[in-house]
Amino acid sequence: QLPNRHMLMENLAKDLARCKRHNLLGAILFLDLNRFKAINDTLGHAVGDQLLIKVGDILKQITRKEDTVARLSGDEFVIQLCNLKAGENNGKDSVKNILAKIHKAFSDALKVGDHTLHVTPSIGVEIYPLNDEPADQILHHAHIAMYQAKTQGPNSSMFYNSKLSSGYKMRL
């Protein structure tokens, strides 16, 4: 019962315009669950589906009412944070508070049916509208940062910077 990619992109485009008008910031947190494939393959899709529902519920409890929690596909979730104050280290302080809550929520095992499961997120973050980029580019940057966070180990997060993109372009 979470928004999909289409609804997320609509919300992001609207918030991007609002942030520009009112000198606010927003952020996209792109989450990928570590170990989800192994859990899904070992315990079955029914357990995997229940785990995804539990993760969605946890993320909704952590975020504020004006924020959006969406599921893009498989084990990928996105949190759109709205109304960040521009003066707070370009929004990073507010985002770091949410990141700490997310990492804490996944530091303990989750109970799913008869199973006790350990999953952690890798999280990529892009704050907007710092570089006047369109919504799809903002999501893409958060996605790149998430893949970089994965290389740091489980339960990691990474803020996007342009060096991450240049590294990906070089490898391509």
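The aspartates and glutamates whose alpha-carbon is closer than 20 Å to the alpha-carbon of LYS85, local same-chain residues fewer than 8 away aside, are ASP15, GLU66, ASP67, ASP93, GLU126, ASP132, GLU133.
Nonpolar atom fraction for the chain, defined as the carbon and sulfur part of the 1.4 Å probe accessible area, stands at 51 percent. Dividing the helix sum by the residues of the chain, where each DSSP H run of 4 or more adds -39500 (n - 2.57), gives a mean residue ellipticity at 222 nm of -16000 deg cm²/dmol. Taking 25 Å as the straight-line reach from the Cα of LYS54, the lysines in range (excluding those fewer than 8 positions away in the same chain) are LYS37, LYS65, LYS96, LYS101, LYS104, LYS111, LYS150. Backbone amide hydrogens, once placed in the peptide plane, bring LEU110 within less than 5 Å of LEU117, HIS118, VAL119, excluding anything fewer than 5 places away on its chain. If the segment from LYS20 to THR42 were pulled out straight at 0.36 nm per residue, it would be longer than the present Cα-Cα gap by 3.3 nm.
The dipole here belongs to the range 26-172: it is taken about the Cα centre, uses +1 on the Cβ of Lys and Arg and -1 on the Cβ of Asp and Glu, and is about 320 debye.
Given the choices (i) 32, 21, 15; (ii) 27, 21, 15; (iii) 27, 18, 15, semi-axes √(5λ) of the Cα gyration tensor in Å derived from the coordinates of this structure is entry (iii). Placing a label point 7 Å from the Cα of LYS60 along the Cα-to-Cβ direction, the residues of the range 4-18 whose backbone N falls under 15 Å of that point are 4. Relative to the longest principal axis of the chain, what angle (0 to 90°, nearest 10) does the C-alpha long axis of helix 162-171 take? Approximately 60 degrees, to the nearest ten. Restricting the calculation to alpha carbons of the range 1-87 gives Rg and Dmax of 14.8, 49 angstrom.
Taking Cα atoms only, the orientation of helix 135-151 departs from the longest principal axis of the chain by about 50 degrees. Annotation: per residue accessible area for the chain equals 53 Å², rounded to a whole number [probe 1.4 Å, protein chains only].
The values are calculated or read from the model by the stated rules, or taken from the named source; none is laboratory data. Please read these numbers as outputs of a predicted model, since none were measured by experiment. Note that we place each Cβ from the backbone using ideal geometry, even for glycine, and neighbour counts take in every protein chain shown. Each accessible area value is taken on the protein alone, full model and side chains, heavy atoms only, with ligands, DNA and RNA left out. Shrake-Rupley method; radii C 1.70, N 1.55, O 1.52, S 1.80 Å.
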